[in-house]
Amino acid sequence: MRAGFYQFKPLFGKVDRNLQKVISVLRDVDADLIVLPELAFTGYTFLNRREVMQHAEDPARSTTVDSLAALCREKNFYLVTGFAEKSKDKCFNSSLLIGPGGLMHLYRKLHLFNTEKNCFDEGDIELQVNSIGDVRIGMMICFDWVFAEVSRSLALQGADIICHPSNLVLSYCQQSMLTRSLENRVFSITANRTGLEKRPQGELKFTGRSQIVAPDGDLLFRAASQRETLHIMEIDPRRAHDKSITALNDVLGDRRPEFYSILTQREEV
Ligand code: ACM
């Protein structure tokens, strides 16, 4: 399978311009699966909910989604992309799995980062894995990486590849994702963005360094921090079926969930 990411710098609020840029780059690519950054078409640093609502789209009536679906059809590939989603009076920091047949699945970010809490509603949909051919795809978004429960839940559902649209600003994630991959024996593709976003409330610099990690925690490829990068490589998703870490240890089979019941309790300890 040929899988990878496109790291670039979306321009804030320029949805159509960002879409045209993505389409013009991906139109020449030979791939099966491509991951794009979080909020790839709107940009990231929203002032407030009202501003999100001005730029967000309902995926069922979205020219962005329709154009991406047409691209997937034309190229016979699958895309995972960050997307500012409007759903009635709510808005979510979402990611979409789109294929030649159109929109396949939508995930709403469960763990909002910092001032995202002022702009988006919290995700309200169970984590889910989807099949593209024989390959099982899980999605999580950026700051979800801190919560090991997310990647674990996707692995337990059989994800071979965790697709991870991101707009990272802290320095920890890229290295931590080696562990997320290793502890679950899954591939991960983190698609981050580059550049500086200057808004009235301040500025944010994104850390780039998008990467592809193998189920043994091996870093297969990492982009530079501030260079636009398209990277597609051959991977064998079947490697993620082997959950052994020694001859006698299996990272999923050896779990003792009866001793972790606290993980599913809401109350503080
Ligand atoms: C982040 O979740 N965008 C840091």
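Every number in this text was worked out from the coordinates using simple rules, so none of it is lab data. Predicted model only: the values in this text are computed from it and were never measured. Cβ placement follows ideal geometry from the backbone for every residue including glycine, while neighbour counts extend to all protein chains displayed.
Here are the numbers for this structure:
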read-out	value
Relative contact order of the stretch 88-246, defined on C-alpha pairs under 8 angstrom at six or more residues apart (%)	15 percent
DSSP-defined beta bridges in the chain - what % are antiparallel, rounded to 5	70 percent
Built amide H within the under 5 Å cut-off of Phe221, gap 5+	Ile212
Value of relative contact order over the chain, rounded to a whole percent, pairs C-alpha under 8 Å and six or more apart	19 percent
Ile262 paired with Ile245, simple spin-label distance in nm, labels 7 Å along Cα-to-beta-carbon	2.0 nm
Order of Val52, Val146 - criterion: other Cβ atoms within 10 Å of each residue's Cβ, fewest first	Val146, Val52
Net lengthening on full extension, Phe221/Gln54 (0.36 nm per residue, minus Cα-Cα)	56.5 nm
Acute angle (nearest 10 degrees) that the helix 173-184 long axis makes with the longest principal axis of the chain, alpha-carbon atoms	40 degrees
Whether the stretch 146-269 is rounded, prolate or oblate, judged on the alpha carbon gyration tensor where a/c under 1.5 counts as rounded	oblate
Simple spin-label estimate for Asp134 and Lys14 in nanometres, 7 Å along Cα-Cβ	4.3 nm
Peptides 77-83, 35-41 ordered by average Cβ neighbours within 10 Å, highest first	35-41, 77-83
Segment Asp236-Asn114, length gained on full extension (0.36 nm per residue, minus Cα span)	40.3 nm
Förster radius 45 Å - calculated FRET efficiency between Asn76 and Phe147 (Cβ-Cβ, nearest 0.05)	0.85
Order of Glu51, Glu122, Glu234 under a 10 Å beta carbon neighbour criterion, fewest first	Glu234, Glu122, Glu51
Arg2, Arg136, Arg27 arranged by Cβ crowding within 10 Å, fewest neighbours leading	Arg27, Arg2, Arg136
Most to least packed among 251-257, 92-98, 152-158 [average Cβ atoms within 10 Å]	92-98, 152-158, 251-257
Rg over Rh [alpha-carbon atoms, Kirkwood Rh] for the stretch 1-102	0.96
Whichever lysines have a C-alpha closer than 24 Å to that of Lys117, once near sequence neighbours (fewer than 8 apart) are set aside	Lys9, Lys14, Lys86, Lys88, Lys90, Lys109, Lys198, Lys205
In the stretch 143-231, the chymotrypsin sites (Phe, Trp or Tyr not before Pro) that fall in loop regions by DSSP, at most 15 other Cβ within 10 Å	Phe147, Tyr172
Length gained when the stretch Ser24-Arg2 is fully extended (0.36 nm per residue, less Cα-Cα span)	6.0 nm
Assigned charges on the beta-carbon of Lys, Arg, Asp, Glu; the chain dipole about Cα centre (debye)	740 debye
Distant-in-sequence amide H partners of Met104 (H built 1.01 Å from N, under 5 Å)	Leu97, Ile98, Gly99
